[in-house]
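S.K.: Below: one structure in structure tokens.
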Amino acid sequence: EPDDERVLFNVAVTKSMVRMVVLTLLLRCHSSYRGVRDFFADVFGHKISLGTIHNIAVDAMAKAKAITATVNLDPITDGLHDEIYQAGAPVLVGVDAHSTYCYLLAAADNADGETWGCHLLAVMARGLSLDCVVADFGSGLRRGHGLVMAQVPCYADLFHMFRDMGDVARYYGKKLEIAIARRKELDDKMAAL
């Protein structure tokens, strides 16, 4: 339609706008650096280097860390703790169960008890005082919790159990489908005799 080509609005492209677009693509759209580079080429007809994208991301992370370090964690009462892995390396995670605010996100060399304990002490120094924690049965996580938060109950999460039981149910469901198909095949052969 001719109306589709009508200019709706203009946007001034500044360095600030470029940073905003890069961070939006990385954080909201979960784009890779190469995806951001391709977006700039395809949509804007403009080249942006992987190094520039990386520098924008690193600068934003430094600013976010500075802001995060000032947040008072005292209102958080219930925590969810776990490890996630990025390129095979553990990242220790602590999340407020009510708001989903991430009060701990720390890349670590390992996920042993002492490492967990050190990172939990760091967030406790910022005011974190939990009434309870929900976590899986990771030995390092549980040991670290016991070292610095022994008085705080640590309940088992059900996600991993349900996930594992779902895997078992899918496995036996597939076996059942195969057995039913085989039985029908045999019944058909018997009926043909």
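The values are calculated or read from the model by the stated rules, or taken from the named source; none is laboratory data. On a predicted model such as this, the values are computed, not experimentally measured, just so you know. Backbone-built Cβ (ideal geometry, glycine too); neighbour counts: all protein chains shown. Just so you know, the surface numbers come from the protein's heavy atoms only, side chains and all, with ligands and any DNA or RNA stripped out. Shrake-Rupley method; radii C 1.70, N 1.55, O 1.52, S 1.80 Å.
S.K.: Please give the solvent-accessible surface of Asp109 in Å², to the nearest 10, using a probe radius of 1.4 Å with every protein chain present.
M.R.: For Asp109, the solvent-accessible surface is approximately 150 Å².
S.K.: Let me ask something else. Please list the helices of the chain that count as membrane-span-like by this rule: a mean Kyte-Doolittle hydropathy of at least -1.0 together with Cα atoms stretching 20 Å or more along the helix axis, each helix being a complete DSSP H run.
M.R.: Helices meeting the criterion: 50-68, 159-192.
S.K.: Not counting ligands, DNA or RNA, and with a 1.4 Å probe, what is Val13's accessible surface area in Å² rounded to the nearest 10?
M.R.: Accessible area of Val13: about 110 Å².
S.K.: Residues of the chain: accessible area per residue at 1.4 Å, in Å²?
M.R.: I get 70 Å² per residue for this part.
S.K.: Go ahead and collect, in residue order, the members of region 79-114 whose backbone nitrogen is under 19 Å from a label point 7 Å along the Cα-Cβ direction of Leu121.
M.R.: Counting only backbone N, you get 92-94, 104-114.
S.K.: Would you count, across the chain, every pair of lysines whose alpha carbons are under 28 angstrom apart, provided the pair is eight or more residues apart or spans two chains?
M.R.: The number of close lysine pairs in the chain is 8.
S.K.: What order do Tyr172, Tyr101 take when sorted by accessible area (1.4 Å probe), most exposed first? Walk me through the numbers on the way to the answer.
M.R.: Details: Tyr172 140, Tyr101 75 Å².
In descending accessible area the options line up as Tyr172, Tyr101.
S.K.: Remind me, relative contact order of the chain in percent, using alpha carbon pairs under 8 angstrom and six or more residues apart?
M.R.: Once divided by the residue count of the chain, the mean separation gives 14 percent.
S.K.: Ignoring ligands, DNA and RNA, what percent of the 1.4 Å accessible area of the chain is carbon and sulfur?
M.R.: Values: 8310 of 13550 Å².
That fraction is 61 percent.
S.K.: Next up: Between Ala97 and Val7, what is the spin-label point distance in nm, taking each point 7 Å from the Cα along the Cα→C-beta axis?
M.R.: With each label placed 7 Å out from Cα toward Cβ, I get 5.6 nm.
S.K.: Starting from the 7 Å offset along Cα-to-Cβ, what nm value, one decimal, do you get for the label separation of Asp136 and Leu193?
M.R.: Reported label-point gap for Asp136 and Leu193 is 5.1 nm.
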